[in-house]
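The values are calculated or read from the model by the stated rules, or taken from the named source; none is laboratory data. If you're wondering where the values come from, they're calculated on a predicted model, not measured in any experiment. With ideal geometry, Cβ positions are generated from the backbone for all residues, glycine too; neighbour counts draw on all protein chains shown.
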Amino acid sequence: MSPVRHLWKPVATVLAAVGLAVAPSAAPLAGAADDVELAVQPPGGGTPDLTLVHALPGGMNLWHMPLAEVGGAFAAPQLATTLASGGFSYAASRTLAGDFGDITGSDDGTADQVVWHAQPDDAVILWAVPGAADRAPRLWATLRGGGWSWRDSTPVAGDVNADGWDDLVVLHRNGPGTNIWVFLSDGTRLAETPSEVTYNPYLAFGTVRAAIADVSGDGYGEIVLFRPDPSSGGVQTVVAWKQAGSFAGAATGVWVIGTASGGGWSYAGSRQLIGTVRPGGTPSIIHLHAQGANPGILVWEQPLVPAPGAPGPAVLAGAPEVWQDLRSGGWSWTGSRQVLADTNADGLDDLVSVHDQGAAGGELVWRHVSTGAGLLAPQVIADLRTGGWSFGASREDVAVPRPAALG
Ligand SMILES: [Ca+2]
Ligand SMILES: [Ca+2]
Ligand SMILES: [Ca+2]
Ligand SMILES: [Ca+2]
């Protein structure tokens, strides 16, 4: 028995008390999809959906898992589609979740997935898998020539123009620096050709991590980049921000809004998320930090604080503080991945961890509910220890579908 399960076993009691039974070990085979049908509709608009992508010998399975506690099917994995022909490859693709449009007539308010796929010559093709009943993949873009390279590109999803539809931002190596491109959604699909947002000579491709979040509070998502602090090796946060409030026009500024350094802070030994874990709507950075000789994790919260008059997005990163100590209990920094999502509809993003169960096999999905000032003890929300799930052969992303009320 894995130490993770052993030490956290009392959690099942807690879950039962709030009506969230730990899922039975009846997960359908991650490697065999044919007898799985979805009895449950995808979650409605405005509620988060975790997407899981699992490698197959000749392709991949795309799953989704409603992360809203209300509305049914909470944390039950549901097969979206199997991409097992046509040359799809798990290793030669990256998959992102988002609500990129009402791609079909029936997928209002559903999370879609896009597949950023390599060609043998390193060109890129972009596929979309709609979120509702018709999940046949759509070819949206072929990026051949012009210097496009799958290896030298990193796609990130988020809404950069405040229309509620997720767009696709792509970081691309350009010499010592990075180009940032955006494929805007028109409500039914992403643009076939991107517009260049910015070239920055100081953002070295391959060392930056990117996310989309509205840090300035105007509804437009900024491109938030984390990179090694040049003087300390800690974590520096940079925002690429468009003064015009639009990604269709004027030049973009790039602003350093804060660092986490000293005291053992390490960019290489940490990973970052961004989300609204505190009341008030301004997002925070969540750092998952490795612990040297200890395999566990410290979860740090670094608030972004509105700074009227400050340049650029007028927000600065405050002092990080520990929100959860996961140095015991079997937690592993290398054996886990995290996303942020509001699992209990209180308006605050919660931490969600997918944890490798090691030799015992499979993985467990946990949530760490935000209180606005910290995280509650982790609870198991999905038990994927059977059914063929493999931490090392899968990846996750999260999307919040656009509420239908937006029209
Ligand atoms: Ca959709
Ligand atoms: Ca958009
Ligand atoms: Ca903004
Ligand atoms: Ca919440």
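Going by what's in this entry, would Leu203 be described as part of a strand (DSSP E or B) and either closer than 29 Å to Val305 by Cα or more than 16 Å from ligand 4 (Cβ to nearest atom) (or both)? For Leu203, the condition - part of a strand (DSSP E or B) and either closer than 29 Å to Val305 by Cα or more than 16 Å from ligand 4 (Cβ to nearest atom) (or both) - is not met. Checked against (1) surrounded by fewer than 18 Cβ atoms within 10 Å (Cβ to Cβ); (2) closer than 30 Å to Arg385 by Cβ; (3) without any contact (Cβ under 8 Å) to a residue 60 or more places away in the chain, Glu321 passes all but a single condition, namely (2). I want to confirm something. Restricting to the range 155-177 and keeping residues that are surrounded by 18 or more Cβ atoms within 10 Å (Cβ to Cβ) and of a type in the set (A, V, I, L, M, F, W, C), which single residue is nearest to ligand 4 (Cβ to nearest atom)? Ranking the candidates gives Ala157 first. Among the residues of the range 190-206, those that are under 15 Å from Asp159 (Cβ atoms) and at pLDDT 90 or above comprise Leu190, Ala191.
Filter the range 178-187 for residues that are away from ligand 2 (no atom under 12 Å from the Cβ) and surrounded by fewer than 23 Cβ atoms within 10 Å (Cβ to Cβ); which is farthest from Asp152 (Cα to Cα)?
Of everything passing the filter in the range 178-187, Trp181 is farthest from Asp152 (Cα to Cα).
Modelled with pLDDT of 95 or more and in a loop (DSSP other than H, G, I, E, B), is that true of Ser231? The answer is no for Ser231. Tell me yes or no: at least one residue of the range 136-148 is in a loop (DSSP other than H, G, I, E, B), modelled with pLDDT of 95 or more and either within 16 Å of ligand 2 (Cβ to nearest atom) or touching a helix residue (DSSP H, G or I) at 6+ places or on another chain (Cβ under 8 Å) (or both). No, the conditions are met nowhere in the range 136-148. What about Arg271, is it away from ligand 4 (no atom under 16 Å from the Cβ), out of contact with any Gly (no Cβ under 9 Å at 6 or more places or on another chain) and closer than 26 Å to Phe74 by Cα? Spelling it out, it is not the case that Arg271 is away from ligand 4 (no atom under 16 Å from the Cβ), out of contact with any Gly (no Cβ under 9 Å at 6 or more places or on another chain) and closer than 26 Å to Phe74 by Cα. Within the range 197-223, the set of residues being in contact with a Ser or Thr (Cβ under 7 Å, 6 or more places away or on another chain) and within 16 Å of ligand 2 (Cβ to nearest atom) comprises Val197, Glu222. Just wondering, is there one or more residues in the range 207-216 that are part of a loop (DSSP other than H, G, I, E, B), modelled with pLDDT of 90 or more and small (Gly, Ala, Ser)? Checking the range 207-216: not a single residue is part of a loop (DSSP other than H, G, I, E, B), modelled with pLDDT of 90 or more and small (Gly, Ala, Ser). Within the range 53-63, the set of residues being closer than 16 Å to Arg135 by Cα and either touching a residue at least 60 places away in the same chain (Cβ under 8 Å) or touching a helix residue (DSSP H, G or I) at 6+ places or on another chain (Cβ under 7 Å) (or both) comprises Val53, Leu62.
Could you identify the single residue in Leu340, Leu316 that is within 28 Å of Gly221 (Cα to Cα), over 22 Å from the mean Cα position of the chain (by Cα), assigned to a strand (DSSP E or B) and not acidic (Asp, Glu)? That would be Leu316, the only listed residue that is within 28 Å of Gly221 (Cα to Cα), over 22 Å from the mean Cα position of the chain (by Cα), assigned to a strand (DSSP E or B) and not acidic (Asp, Glu).
Applying the criterion of being in contact with a strand residue (DSSP E or B) (Cβ under 6 Å, 6 or more places away or on another chain) and of a type in the set (Ser, Thr, Tyr) to the residues of the range 271-293, the residue that is nearest to Phe226 (Cα to Cα) is Ser284.
Within the range 87-116, the set of residues being touching a Gly at 6+ places or on another chain (Cβ under 8 Å) and over 26 Å from Ser353 (Cα atoms) comprises Phe88, Gly101, Asp102, Ile103, Asp107, Asp108. Screening His289, His355 for residues that are under 25 Å from Ile381 (Cβ atoms), assigned to a strand (DSSP E or B) and either modelled with pLDDT under 95 or touching a helix residue (DSSP H, G or I) at 6+ places or on another chain (Cβ under 7 Å) (or both) leaves exactly one candidate, His355.
Taking the criterion of being among the charged types (D, E, K, R) and part of a strand (DSSP E or B), the residues of the range 167-200 that qualify are Asp167, Arg173, Glu196.
Kindly evaluate Ala382 against the criterion of being of a type in the set (Gly, Ala, Ser) and touching a Pro at 6+ places or on another chain (Cβ under 9 Å). For Ala382, the condition - of a type in the set (Gly, Ala, Ser) and touching a Pro at 6+ places or on another chain (Cβ under 9 Å) - is met. Set side by side, the residues Gly329, Gly296, Gly388, Gly372 differ, and just one is under 27 Å from Gly219 (Cβ atoms) and either within 16 Å of ligand 4 (Cβ to nearest atom) or touching a strand residue (DSSP E or B) at 6+ places or on another chain (Cβ under 9 Å) (or both), which is Gly372. If you check Ala382 against the conditions, is it within 16 Å of ligand 2 (Cβ to nearest atom) and among the small types (Gly, Ala, Ser)? Here the answer is no, as Ala382 does not meet what is asked.
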